[in-house]
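The numbers here are math on the coordinates, done by the rules we state, and not lab data. The structure presented is a predicted model; accordingly, all values stated were derived computationally and were not measured. When we count neighbours, we look across all protein chains shown, and the Cβ atoms used for this are built from the backbone with ideal geometry, even at glycine.
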Amino acid sequence: MKVSVIGSGYVGLVTGSCLAELGNEVVCLDIDEGKIARLRRGDVPIHEPGLASLVQGNVAAGRLRFTSDIDESVRHGTLQMIAVGTPPGEDGSADLSYVLAAARSIGSRMREYKVIVDKSTVPVGTADRVRGVIAEELALRKDPVPFSVVSNPEFLKEGAAVEDFMRPDRIVIGADDERANQLMRELYAPRQRNHERFIFMDVRSAELTKYAARTLCPAATQS
């Protein structure tokens, strides 16, 4: 499958390189051109066991590439995974400005059906805001392109992120339509060989799942 990952930080880089390892064609986007130049050289700025070899191997195999070109990123992936930072604001709540900016960039450029996947750690209700932003952009263009919004939270532990991604104990998918569910099932099919790992639910429940996991086991997730 063709996947674009918006944000090449910890979550984005692990997600992109692991999805490429599973056989997908992945483009990782970042607006930091210096970071993109380093990644293209195989210089991985994150110290995570196994990550550098995954990045380098999949770049060499042609399954993974890096860009700072938003048009290229939106054009490439049927699945658009938002993995940007959500730093705490002054009141301690998650700053969604980067998430919504990414959604707006997708909405202003998409020309065919896309699944927009929230990988960033976001509060409940974020998918509704992402959906609204994209709908606004499409309305401005008077272009009724169909799209879906999915919550697919990550459960990555620092120091074991690659292992967590490649051998998960569960894959949480929050979606409101079967087309998106089927594409997400296809994306993660190679991780289903031994037993069923999918947990399907509505979008808001999936958003809540990440926060519940952090509350029950604060050390279990990176972001």
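Is it true that some residue in the range 148-156 is within 26 Å of CYS18 (Cβ to Cβ), more than 16 Å from the chain's Cα centre (by Cα) and hydrophobic (A, V, I, L, M, F, W, C)?
No, that holds for no residue.
Would you pick out the residues in the range 182-209 that are in contact with a strand residue (DSSP E or B) (Cβ under 8 Å, 6 or more places away or on another chain), assigned to a helix (DSSP H, G or I) and either loosely packed, with under 15 Cβ neighbours inside 10 Å or free of Cβ contacts under 8 Å to residues at least 24 places away in the same chain (or both)?
Answer for the range 182-209, where residues must be in contact with a strand residue (DSSP E or B) (Cβ under 8 Å, 6 or more places away or on another chain), assigned to a helix (DSSP H, G or I) and either loosely packed, with under 15 Cβ neighbours inside 10 Å or free of Cβ contacts under 8 Å to residues at least 24 places away in the same chain (or both): ARG185, GLN192.
For the range 139-165, what are the residues that are of a type outside the set (A, V, I, L, M, F, W, C), surrounded by 15 or more Cβ atoms within 10 Å (Cβ to Cβ) and either within 19 Å of ASP177 (Cα to Cα) or in contact with a strand residue (DSSP E or B) (Cβ under 7 Å, 6 or more places away or on another chain) (or both)?
Passing the criteria: SER148, SER151, ASN152, PRO153.
With respect to ILE36, determine if the residue is over 19 Å from ASP118 (Cβ atoms), of a type in the set (Val, Ile, Thr) and in contact (Cβ under 8 Å) with a residue 24 or more places away in the chain.
Considered against the rule, which asks whether it is over 19 Å from ASP118 (Cβ atoms), of a type in the set (Val, Ile, Thr) and in contact (Cβ under 8 Å) with a residue 24 or more places away in the chain, ILE36 comes out as yes.
So, of the residues in the range 59-87 that are under 15 Å from the mean Cα position of the chain (by Cα) and assigned to a strand (DSSP E or B), which turns out to be surrounded by the fewest Cβ atoms within 10 Å (Cβ to Cβ)?
PHE66
Could you list, in sequence order, the residues of the range 1-35 that are over 13 Å from SER73 (Cα atoms) and of a type in the set (Val, Ile, Thr)?
Those that are over 13 Å from SER73 (Cα atoms) and of a type in the set (Val, Ile, Thr): VAL11, VAL14, THR15.
Among the residues of the range 134-178, how many are assigned to a helix (DSSP H, G or I) and either β-branched (Val, Ile, Thr) or without any contact (Cβ under 8 Å) to a residue 60 or more places away in the chain (or both)?
The number of residues fulfilling the criteria is 11.
Select from the range 46-58 the residues that are part of a loop (DSSP other than H, G, I, E, B), free of Cβ contacts under 8 Å to residues at least 24 places away in the same chain and surrounded by 14 or more Cβ atoms within 10 Å (Cβ to Cβ) and list them in ascending order.
Across the range 46-58, there are no qualifying residues.
Answer yes or no as to whether ALA103 is of a type in the set (Gly, Ala, Ser), in contact with a strand residue (DSSP E or B) (Cβ under 7 Å, 6 or more places away or on another chain) and assigned to a helix (DSSP H, G or I).
yes
Identify all residues within the range 92-105 that are touching a residue at least 40 places away in the same chain (Cβ under 8 Å) and of a type in the set (A, V, I, L, M); write none if there are none.
Within the range 92-105, ALA102 is the sole residue that qualifies.
Working carefully through the options GLU48, GLU25, find the one that is under 14 Å from PHE165 (Cβ atoms) and acidic (Asp, Glu).
Within the list GLU48, GLU25, the selection yields GLU48.
So which of TYR10, TYR98 ends up being of a type in the set (Phe, Trp, Tyr), closer than 22 Å to ILE173 by Cβ and surrounded by fewer than 24 Cβ atoms within 10 Å (Cβ to Cβ)?
Residue meeting the stated conditions: TYR10.
Taking into account only those residues within the range 26-40 that are surrounded by 17 or more Cβ atoms within 10 Å (Cβ to Cβ) and not aliphatic (A, V, I, L, M), which is farthest from the chain's Cα centre (by Cα)?
LYS35
Examine the range 121-138 for a residue that is within 12 Å of ILE6 (Cβ to Cβ) and crowded, with 22+ Cβ neighbours inside 10 Å, and state whether such a residue exists.
Yes; the residues of the range 121-138 include at least one that is within 12 Å of ILE6 (Cβ to Cβ) and crowded, with 22+ Cβ neighbours inside 10 Å.
Please go through the range 107-133 and pick out each residue that is aliphatic (A, V, I, L, M), within 16 Å of the chain's Cα centre (by Cα) and in a helix (DSSP H, G or I).
If the condition is that a residue be aliphatic (A, V, I, L, M), within 16 Å of the chain's Cα centre (by Cα) and in a helix (DSSP H, G or I), then ALA127, VAL130 are the ones that fit.
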